[in-house]
Amino acid sequence: MRYATPNRSAHRATSAPDLTLLVHPLVLFRTWLVRQAPRPPAGQHRQPARPRVHTRLLVRPRRHAWREPHATMHLLTRGLAALIVLGICVMLGFLIVSDEGRDPAAATDRTIASRAADPSPLTVAETFPAGAAGYQVEKAVAETDCTVAVTGALRSELSGYGCSQAVRATLAVPDSGYLVTAGVLNLADTQSANAVADRVRALVETGDGSFTAMTGAQIPSGTPVGWRARGHYLLYCVITGPAGEPVPSGEPLLGQITSNLLDDYLSDLVLARRASGS
């Protein structure tokens, strides 16, 4: 019996052996090793390591070039602000000096800024002579006890700020029947006079203190009261009706009397004369 052997072309047509049969056991072995490896606890995941980037590679040399102009501009801005503030201070100082030069009262008030600079006490003849401010002077007194001129908490205020003298007068306003109790209180210095003046408003409005009539009696509630501070003096006036009753607040003559007596007469005439030394 003959056996046929394939020729070369038949060998080429024969399929190659399946290599997957050799790889398959390796895959199974690798899978088994992965399963045998310890697993991380639940909820914990290992983050993949991020590649490190050298910080020097992220810094651009151009940024260093931009820092210098910003620093220079900052210094220039601060310098300009300082110059502006200095200019404002110089201008304010110039305005204050020039105002004192134009305002005689601001310059002469230095001589009546305190009782130490202005030691001579006021007199009735100096403050309320006959016909003072165009009014009829009915009575005028000069007293060393300032508390007789005020009531309530104003008494302690005057004592605390060193009031040494109260010069008062009762004046009759022509053609109106109004009576005015006016006075000048001699305090230690300008600060003391201003402090008492600031307290008067609150005390008068609350009824905790006010000025009295010449008799020392307390004035009725609602009586118009005016006051000013100049130098170490406190000026005031109280306006009442002929029998001491309050004057209606809407009376237009009240503002005229107060301005005429406190500003034009006592401040701009009596105290201005004392400040100038004449």
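The values are calculated or read from the model by the stated rules, or taken from the named source; none is laboratory data. On a predicted model such as this, the values are computed, not experimentally measured, just so you know. Reconstructed Cβ throughout: ideal geometry from the backbone, glycine too, with neighbour counts over all protein chains shown. Ligands, DNA and RNA are stripped out before the accessible areas are found, and what is left, the full protein with its side chains, is counted by its heavy atoms. Shrake-Rupley method; radii C 1.70, N 1.55, O 1.52, S 1.80 Å.
Quick one: 3J(HN,Hα) in Hz for segment 117-122, Karplus 6.51/-1.76/1.60 with θ = phi - 60°, rounded, Gly and Pro as x.
Karplus-based 3J(HN,Hα) across segment 117-122 equals 7, 9, x, 5, x, 6 Hz.
How much length would be gained if the chain were fully extended between Asn194 and Thr144, taking 0.36 nm per residue of separation minus their Cα-Cα distance, in nm to one decimal?
16.0 nm
Leaving out ligands and nucleic acids, and using a 1.4 Å probe, what accessible area per residue does segment 147-240 come to in Å²?
36 Å²
Once you charge only the Cβ atoms, +1 for Lys and Arg and -1 for Asp and Glu, what is the size of the charge dipole of segment 101-188 about its Cα centre, to the nearest 20 debye?
The calculation lands at about 120 debye.
I'd like the Karplus ³J(HN,Hα) series for segment 176-189: coefficients 6.51, -1.76, 1.60, θ = phi - 60°, whole numbers in Hz, and an x wherever there's a Gly or Pro.
Working through the residues one at a time gives 9, x, 6, 10, 10, 9, 10, x, 10, 9, 9, 9, 5, 7 Hz.
Would you please give the FRET efficiency between Glu245 and Ala202, computed as 1/(1 + (r/R0)^6) with r the Cβ-Cβ distance and R0 = 22 Å, to the nearest 0.05?
It comes out at approximately 0.30.
On average, how much area does the Cα convex hull of segment 143-278 cover when viewed from any direction, in nm²?
7.8 nm²
Find how much the distance from Thr77 to Thr111 grows on full extension, using 0.36 nm per residue of separation minus their present alpha carbon separation; answer in nm with one decimal.
7.7 nm
Rank by packing, highest mean first: peptides 217-225, 260-268, 161-169, with packing defined as the count of other Cβ atoms within 10 Å averaged across residues.
Those peptides, ordered most packed to least, come out 161-169, 260-268, 217-225.
Quickly rank 150-157, 185-192 as a protection proxy: mean count of other C-beta atoms within 10 Å, highest first.
My ranking of the peptides, most packed first, is 185-192, 150-157.
Show the residues, 5+ positions off or on another chain, whose built amide H is closer than 5 Å to the amide H of Val247.
When sequence neighbours closer than 5 places are left aside, the close amide H contacts are Gly241.
Mind listing the long-range amide H neighbours of Ile219? Cut-off is under 5 Å, sequence gap 5 or more, other chains count too, H placed in the peptide plane at 1.01 Å from N.
Residues meeting the criterion, in which the H sits 1.01 Å from N, are Ala213.
How far is it, in nm, from the label point at Ala217 to the one at Ser259 when both lie 7 Å from their Cα along the line to the Cβ?
3.2 nm
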